[in-house]
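A.B. asks: Input: one structure, supplied below.
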Amino acid sequence: MKQHQRLFLSLVAIAFSFVLRVHAGVPDSIPQHVRAWDEYLEEQRYLGLLSDEELAQLQQLYDELRHSPWDINEVTPEELQRIPFLRDFQVTCFIDYRRYYGPFRSLSDLKSVRGWDTKLLTLLLPVLVCREGREQEKGTESRGQLEFVGRVSLRKQTETKQEGLGGNEAALLRLLYDRKRHLSLYFSAEKDYLEPWNYGRHRGFDSYNAHLAIRERGLLHSLVLGDYRVTRGCGLVLGQGIYPMSFLSLAPRLPEGIRPIRSSTETNFCRGIALELGRRSFRLGAFASARSLDGKVDEDKVITSLSETGLHRTSSEWSRRATVPMRLFGGWVEYREDLWRIALQGVHQDWHRYILHSASGASHRPRLHDLSSSSALSLSYAVQSRQGQAKLMGELGRSNLGAWATIHHLLLQQLRVGDLRLSYWYVGSDYWSYYGHSGTHALRPNDEAGGRFTWLVALPLSATSLELYADRYRRLSEAKADTVKHRGWGYGANLNVELNQRKTASLLASFRERRKAGESKVQRFSLSLHQAQKEWESTCTFRWSRAGGKASWAVLGVVHTELHPHIRISLFGDYFEAPNWQSRLYASHPRARYEYTSMLLFGEGYDLGLRLTWKPNYHILLEGKIVHQHQRYDTRPSMTQATFTLLYRP
């Protein structure tokens, strides 16, 4: 494509954000920015601060809260800590305000809470309600909420060499019953593209998830039968799911507990029973899980590979489906006060008379070969000041091989210079936990030491925020080696500027660079312009990355508007040039309901799409989405994908 054509397309995409300008006033209350959550997550993912798994699970959390929003007069500190962009200081100020002034009367009262600015409220508005002083949904609180979702996706693409066992259709069934957070029942079934409905003895969907959860009943804090995730401490021993988020993210957390699965997934979860008891300061928990993973097992019952991708499209992938049994057991005891907590947790896993040839992500360590089981024990802690302005948290763990690991975070917030966060981690060369998620740059916590510094700068301009961060790490086992292959560093910045006093227009710029020894550096830059009016909102984004000596770029535009009080439409498009896999890009298109994947931008071409949502009443929602990706060259297939969703609430 010629240079002037590229420039023309870029200008058209930028103008795309302004073509539907409507001269409508904006109410003085919190702005209705429905895509704020998605845009925040996509920005973090693009910069490499969130993995694909973390992104999907944060989007699942958002859908969970949209279905059952938190009442700001009942939500607990532990629940608020699940929100990634809520700082500990903001959580403490929220709880103190409610304790001192009593129940909130409306969501607008949140503007009076210290540290809760308009930007934060925009992100949280879709997942919070205030039931004080307003009429409840008729019968909702007593009889609970039931939701049924059916989704079908069809895909057509140009001929490729890839052939699947199934057709180019995907399907999802989802059923959820929730009763005021005390009881929930869930069931889902899903089949992905190219996966078969019938193959061998298999019939039906490819994967299923279900749970029964009971919460907050006297001494019983939580009981889950079925599928769930567990996180303890800083994730050295057990960190299923997004929390605590990796050190690559800007906000690692320390919320612990059992979370029932409310999505269709085949990745990183337990299947069995989990129980937590507690009263006042003490908590006691235990869990047991038994499920089968994808993998390869040789004739000597040695596991040569493990996988949790959940993809079963070809005969080769199908032969590895659910072939490796895994058992997981664990428990914890915790003592907590208002300003501090301490806990002891342990976990044991085995492969039911099978031998794991080498630990995933740690095949370079001889002591982590031929494992029949794996165990670890850790001590975690957290202590904070009365106002939450200072907080120290960490974890010290030891594996059954005698290897040690430790992680510590220090947070200093609301200082004159801004908010500071210091992190340090040291994970021994032979330390390993399959479901650990401590944030090392390897697949599992193993053989790494490093540190991280994050600074949210206090600027004199209230409409501008600047965040700086840098980290460095190295592989411990290579400390005395002549050549270092696993050592790296990275740094970056996020700048957010409100362009008017009403805060209906904002500019976000982000940059990150990271480098690994012996490899070329990876750079990523993003610039987004967002506008929100009463009847419409739009976003235009330019993204650029460079890796492997080649650069990629894309221009993306999205417009949302209401054609009718019950009908909402989203138009989106992009143009991209991404010549190599290392510098690939992703498009943050509007998602279909319960869709957790992003459109890959790899090759050269463009996307055009539309999403239409019709919600005539509380009980019914119909949604359709169609997107076409055109590739200029035959090396990548062009594709058209259509998704239809029905949501019904009795």
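The values are calculated or read from the model by the stated rules, or taken from the named source; none is laboratory data. All values reported here derive from a predicted model rather than from experimental measurement. Positions of Cβ are backbone-derived with ideal geometry, glycine not excepted, and every protein chain shown enters the neighbour counts. Just the protein is used for accessible areas: all its heavy atoms, side chains included, with ligands, DNA and RNA removed. Shrake-Rupley method; radii C 1.70, N 1.55, O 1.52, S 1.80 Å.
A.B. asks: Just the residues that are among the polar types (S, T, N, Q), outside any loop (DSSP other than H, G, I, E, B) and closer than 19 Å to LEU306 by Cβ, please, taken from the range 360-410.
C.D. replies: SER373, SER374, SER375, SER399
A.B. asks: Test ALA509 against the stated conditions and say whether it is open to solvent by 10 Å² or more (accessible area, probe 1.4 Å), modelled with pLDDT under 90 and either more than 21 Å from ARG611 (Cα to Cα) or not charged (D, E, K, R) (or both).
C.D. replies: The answer is no for ALA509.
A.B. asks: Further, regarding this structure: Can you name the residue in the range 334-369 that is acidic (Asp, Glu) and touching a residue at least 40 places away in the same chain (Cβ under 8 Å) and, of all such residues, is surrounded by the most Cβ atoms within 10 Å (Cβ to Cβ)? Show your work before the answer.
C.D. replies: Residues of the range 334-369 acidic (Asp, Glu): 334, 337-338, 350.
So of that shortlist, the ones also touching a residue at least 40 places away in the same chain (Cβ under 8 Å) come out as 334, 337.
On the way: GLU334: 20, GLU337: 10.
Restricting to residues being acidic (Asp, Glu) and touching a residue at least 40 places away in the same chain (Cβ under 8 Å), the top hit is GLU334.
A.B. asks: Separate question: Of all residues in the range 67-81 being assigned to a loop (DSSP other than H, G, I, E, B) and among the aliphatic types (A, V, I, L, M), which is surrounded by the most Cβ atoms within 10 Å (Cβ to Cβ)?
C.D. replies: Residue satisfying both the conditions and the ranking: ILE72.
A.B. asks: Do we find a residue being of a type in the set (Asp, Glu) and buried (at least 17 other Cβ atoms within 10 Å of the Cβ) anywhere in the range 305-316?
C.D. replies: No: zero hits.
A.B. asks: Same structure again: Evaluate the range 583-604: report whether one residue or more is at positive phi and modelled with pLDDT of 90 or more.
C.D. replies: Taking every residue of the range 583-604 in turn, at least one turns out to be at positive phi and modelled with pLDDT of 90 or more.
A.B. asks: Across the range 190-235, what is the total count of residues that are open to solvent by less than 30 Å² (accessible area, probe 1.4 Å) and on the phi > 0 side of the Ramachandran plot?
C.D. replies: Total meeting the criteria: 5.
A.B. asks: Only one of these conditions is not met by GLN523: (1) free of Cβ contacts under 8 Å to residues at least 12 places away in the same chain; (2) assigned to a strand (DSSP E or B). Which number is it?
C.D. replies: Just one mismatch for GLN523, condition (1).
A.B. asks: Right, here's the next one. Would you mind stating whether ARG386 is more than 19 Å from GLY233 (Cα to Cα), surrounded by fewer than 20 Cβ atoms within 10 Å (Cβ to Cβ) and modelled with pLDDT under 95?
C.D. replies: Working: more than 19 Å from GLY233 (Cα to Cα): yes; surrounded by fewer than 20 Cβ atoms within 10 Å (Cβ to Cβ): yes; modelled with pLDDT under 95: yes.
The answer is yes for ARG386.
A.B. asks: Okay, next question. Any residue in the range 380-399 that's under 30 Å from HIS348 (Cβ atoms): show its pairings with residues that are of a type in the set (S, T, N, Q) at Cβ separation under 6 Å, as long as the two are six or more apart or on different chains.
C.D. replies: If the second residue must be of a type in the set (S, T, N, Q), the pairs left are GLU395/SER378; GLU395/SER380; LEU396/THR406; GLY397/SER378.
For (1) buried (at least 22 other Cβ atoms within 10 Å of the Cβ); (2) under 19 Å from ALA532 (Cα atoms); (3) of a type outside the set (A, V, I, L, M); (4) out of contact with any Pro (no Cβ under 8 Å at 6 or more places or on another chain), each residue gets a yes or a no:
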{"position": "GLY549", "(1), (2), (3), (4)": "no, no, yes, yes"}
{"position": "LEU563", "(1), (2), (3), (4)": "no, yes, no, yes"}
{"position": "GLU595", "(1), (2), (3), (4)": "no, no, yes, yes"}
{"position": "LEU601", "(1), (2), (3), (4)": "yes, no, no, yes"}
{"position": "ASP607", "(1), (2), (3), (4)": "no, no, yes, yes"}
{"position": "HIS619", "(1), (2), (3), (4)": "no, no, yes, no"}
{"position": "ARG632", "(1), (2), (3), (4)": "no, no, yes, yes"}
{"position": "THR635", "(1), (2), (3), (4)": "no, no, yes, yes"}
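A.B. asks: Of all strands (runs of 3 or more DSSP E) completely enclosed by the range 220-302, which ones contain at least 2 residues that are modelled with pLDDT under 90 and within 23 Å of the chain's Cα centre (by Cα)?
C.D. replies: 257-260
A.B. asks: Assess whether LEU563 counts as being in contact (Cβ under 8 Å) with a residue 40 or more places away in the chain, more than 24 Å from the chain's Cα centre (by Cα) and more than 30 Å from TYR177 (Cβ to Cβ).
C.D. replies: No.
A.B. asks: Filter the range 565-593 down to the residues that are in a strand (DSSP E or B) and hydroxyl-bearing (Ser, Thr, Tyr), then identify the one that is least open to solvent (accessible area, probe 1.4 Å).
C.D. replies: The qualifying residue least open to solvent (accessible area, probe 1.4 Å) is SER570.
A.B. asks: Select from the range 494-529 the residues that are more than 30 Å from ARG475 (Cα to Cα) and over 22 Å from the mean Cα position of the chain (by Cα) and list them in ascending order.
C.D. replies: The answer is VAL497, GLU498, LEU499, ASN500, GLN501, ARG502, LYS503, THR504, ALA505, SER506, LEU507, LEU529.
A.B. asks: I would also like to ask the following. What number of residues within the range 82-96 are surrounded by fewer than 19 Cβ atoms within 10 Å (Cβ to Cβ) and farther than 12 Å from GLY388 by Cβ?
C.D. replies: Summing the residues that are surrounded by fewer than 19 Cβ atoms within 10 Å (Cβ to Cβ) and farther than 12 Å from GLY388 by Cβ in the range 82-96 gives 1.
A.B. asks: Look through LEU377, LEU415, LEU411 and report the one residue that is closer than 30 Å to SER462 by Cβ and open to solvent by 40 Å² or more (accessible area, probe 1.4 Å).
C.D. replies: Within the list LEU377, LEU415, LEU411, the selection yields LEU415.
A.B. asks: Okay, next question. Return the total of residues in the range 484-520 being among the hydroxyl-bearing types (Ser, Thr, Tyr), outside any strand (DSSP E or B) and under 21 Å from SER465 (Cβ atoms). So that I can check it myself, show each step before the final result.
C.D. replies: Applying the first criterion (among the hydroxyl-bearing types (Ser, Thr, Tyr)) to the range 484-520 yields 491, 504, 506, 510, 520.
So of that shortlist, the ones also outside any strand (DSSP E or B) come out as 504, 520.
Right, trim to under 21 Å from SER465 (Cβ atoms) and you get 504.
Result for the range 484-520: 1.
A.B. asks: Taking the conditions exactly as written (at pLDDT 75 or above and open to solvent by 40 Å² or more (accessible area, probe 1.4 Å)), does SER112 satisfy them or not?
C.D. replies: The answer is yes for SER112.
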